[in-house]
1. Against the definition (over 30 Å from B:ARG29 (Cα atoms), open to solvent by 20 Å² or more (accessible area, probe 1.4 Å) and modelled with pLDDT of 70 or more), how does A:GLY44 come out, yes or no?
2. Looking only at residues in the range B:65-77 that are open to solvent by less than 50 Å² (accessible area, probe 1.4 Å) and touching a strand residue (DSSP E or B) at 6+ places or on another chain (Cβ under 9 Å), which one is farthest from A:SER89 (Cα to Cα)?
3. Within the range A:127-148, track down each residue that is touching a residue at least 40 places away in the same chain (Cβ under 8 Å) and either surrounded by fewer than 23 Cβ atoms within 10 Å (Cβ to Cβ) or under 13 Å from A:PRO162 (Cβ atoms) (or both).
4. Does the range A:169-183 contain any residue that is within 16 Å of ligand 1 (Cβ to nearest atom), of a type in the set (Gly, Ala, Ser) and at pLDDT 95 or above?
5. Can you spot a residue in the range A:53-64 that is away from ligand 1 (no atom under 13 Å from the Cβ), away from chain B (no Cβ under 14 Å), at pLDDT 70 or above and surrounded by fewer than 17 Cβ atoms within 10 Å (Cβ to Cβ)?
6. Of everything in the range A:80-100, what is part of a helix (DSSP H, G or I), touching a strand residue (DSSP E or B) at 6+ places or on another chain (Cβ under 7 Å) and open to solvent by 10 Å² or more (accessible area, probe 1.4 Å)? Give them in sequence order.
7. Within the range A:76-131, which residues are within 19 Å of A:TYR244 (Cβ to Cβ), of a type in the set (Gly, Ala, Ser) and within 12 Å of chain B (Cβ to nearest Cβ)?
8. For the range B:47-64, give me each residue that is surrounded by 14 or more Cβ atoms within 10 Å (Cβ to Cβ), within 14 Å of chain A (Cβ to nearest Cβ) and of a type outside the set (Ser, Thr, Tyr).
Amino acid sequence: MGLTAQSTGIYAFLEELSRSPVKADAVVALAGNPNTGKSTVFNGLTGLNQHTGNWPGKTVVLAKGNYRHRNKSITLVDLPGTYSLLANSADEQVARDFICFGDPDATVVVADATCLERNLNLVLQVIEITPKTILCVNLVDEAKRKRIEVDCPKLERSLGIPVVPAAARDKVGLTDLKEAIHKVVFGKQRNRPKRIVYNQAIEAVIGELQGEVKRLFQGKFNSRWVALRLLDGDPTLVNEMRNYLQRRQPKAEPFLEKGEGVKGFEQLSNRF
Amino acid sequence: MAVAEFELTQLPIGRMAEVVKVGLTGLARNRLLDLGLVPSTIVEAIRKSPSGDPVAYKIRGAVIALRSEESRHITVRSIN
Ligand SMILES: Nc1nc2c(ncn2[C@@H]2O[C@H](COP(=O)(O)OP(=O)(O)OP(=O)(O)O)[C@@H](O)[C@H]2O)c(=O)[nH]1
Ligand SMILES: [Mg+2]
């Protein structure tokens, strides 16, 4: 069975995920730049317990699979490789929508140890959305060959999230990765991700917007991140937020009149 | 002494320069920033395609091809 998500099809995908025969204790997203070994990590963790394929009429293919660790069943979702979550392409939008609206229990970013610096852009974008992030520094074997050594404990301290070195093709580091995922998902470890601070003018507007975003979404999304995207004026995100507000049951928004959320959000997004 | 600033398109193959400014807006700007082209980044021109465009650059450990319509909006300054 294949699973795909169109740029706008996040809810269809989430429904598909919840209809899964395997009842998972947690859903974990796998993100990363193209060609960093995400699928190799995915295959290494899930073995043959996975499904991929084409879904008629859809554009982006997502693989999902399962593994067990410490008596918990974990569903992994292999997201498209992207350099960014700013939705410059359908792939980026799918990855972003899943991390933001799919509410995964954790997100693993697979990075290439041979050009780590460039990979950190995506890492910073992900930790800006969710603190429940784990960095897997993959291809350390290749890096070693190029005489590049990555100081993972130091990286862990500066990013404020667990950092696990791996050579996924040789199945090195995968047990440590499962353990790190377990700790983050089941609250055995609380991450304190590095907070990206913008200049004063931007921080002031974020503060202003955040309150309104919190009210409209009742704490559902990371209000700081939503405020930043409103400042970007990203139309795809505004659209997805509107979808969310329109879909929501009235009982889930006791403080808002029907339609007020959509209207309020429209006003908010029109300010920029 | 003022350091000369010029368009990335003028960087000779084999030379390095430092990014000063990305003079684009919107998605085109996002794309370049996401590739690591933020101010103070060191860029090295690696090689030209047969037609001379695009040119491959080394940026933050990765090789990336840029078309002149993108690279001419990137201001760099020479480094020694
Ligand atoms: N040396 C080495 N090669 C690896 C490692 N992990 C993956 N590879 C290789 O890197 C290549 C890309 O791996 P994939 O798993 O397909 O990468 P991906 O991130 O899923 O790629 P996209 O989905 O296209 O973004 C393959 O040839 C893998 O065999 C590793 O730890 N060490
Ligand atoms: Mg893949």
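1. Working: over 30 Å from B:ARG29 (Cα atoms): yes; open to solvent by 20 Å² or more (accessible area, probe 1.4 Å): yes; modelled with pLDDT of 70 or more: yes.
So A:GLY44 passes the test.
2. The initial filter retains those residues of the range B:65-77 that are open to solvent by less than 50 Å² (accessible area, probe 1.4 Å), namely B:66, B:68, B:70-71, B:74-76.
Now drop any that are not touching a strand residue (DSSP E or B) at 6+ places or on another chain (Cβ under 9 Å), which leaves B:66, B:68, B:71, B:74-76.
Values: B:LEU66: 18, B:SER68: 21, B:SER71: 20, B:ILE74: 22, B:THR75: 26, B:VAL76: 27 Å.
Within the range B:65-77, the match that is farthest from A:SER89 (Cα to Cα) is B:VAL76.
3. Going through the range A:127-148, the residues touching a residue at least 40 places away in the same chain (Cβ under 8 Å) turn out to be A:127-134, A:136, A:138-139.
Correct list: A:ILE127, A:GLU128, A:ILE129, A:THR130, A:PRO131, A:LYS132, A:THR133, A:ILE134, A:CYS136.
4. Within the range A:169-183, one or more residues are within 16 Å of ligand 1 (Cβ to nearest atom), of a type in the set (Gly, Ala, Ser) and at pLDDT 95 or above.
5. We begin by selecting, within the range A:53-64, every residue away from ligand 1 (no atom under 13 Å from the Cβ); these are A:53-59, A:64.
Right, trim to away from chain B (no Cβ under 14 Å) and you get A:53-59, A:64.
Subset that is at pLDDT 70 or above: A:64.
Filter once more, keeping what is surrounded by fewer than 17 Cβ atoms within 10 Å (Cβ to Cβ): none.
No, the conditions are met nowhere in the range A:53-64.
6. A:ALA90, A:ASP91, listed by residue number.
7. A:ALA87
8. Listed by number, the residues that qualify are B:LYS58, B:ILE59, B:ARG60, B:GLY61, B:ALA62, B:ILE64.
The values are calculated or read from the model by the stated rules, or taken from the named source; none is laboratory data. Not measured: the values here are computed from a predicted model. Positions of Cβ are backbone-derived with ideal geometry, glycine not excepted, and every protein chain shown enters the neighbour counts. These area figures cover heavy atoms from the full protein model, side chains too; ligands, DNA and RNA do not enter into them. Shrake-Rupley method; radii C 1.70, N 1.55, O 1.52, S 1.80 Å.
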